[in-house]
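Below you'll find the structure, written out as structure tokens, and then a few comments.
Please treat every number below as a calculation from the coordinates, not as lab data. Nothing here was measured: the structure is a model prediction, and the numbers come from that model. Every residue, glycine among them, receives a Cβ derived from its backbone with ideal geometry; neighbour counts consider all protein chains shown.
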Amino acid sequence: METLPNRIRKIREEYGLTQTDVAFKMNISSASYGKMERNANHSCYETLSKVALKIGVSLMFLLDTGNENYLE
């Protein structure tokens, strides 16, 4: 099973988004988003929900680290 940070990165990349793209959609700095993505295991439910929404996937799909599919 992969880590949550790796899953988020792979899903984001599959959707053709950069960290800067998602940060812009979340109205935060790229550095803040990058830190959040690297430390996703310690992020709160609300933050992960926002990430999922801005990437365009469901929270359940984002959190399903056992799922090897990166497009919902």
Next on the checklist: Just to check, using Stokes-Einstein with a Kirkwood Rh over alpha carbon pairs, what's the diffusion coefficient of the chain at 4 °C and 1.567 mPa s in µm²/s?
Outcome noted: 110
Checklist entry - Between Glu14 and Ala31, how many nm apart are label points set 7 Å from Cα along the C-beta direction? => result 3.2
Checklist entry - In what order do Met60, Met26, Met36 fall by count of nearby beta-carbon atoms within 10 Å, going from fewest to most? => result Met60, Met26, Met36
Item to check | Full-extension gain in nm, Asn39 to Glu72, via 0.36 nm per residue minus C-alpha separation | outcome: 9.6 nm
Checklist outcome for this item: Rounded to the nearest 500, the 222 nm mean residue ellipticity computed for the chain from DSSP H runs (n ≥ 4, each -39500 (n - 2.57)) alone is -17000 deg cm²/dmol
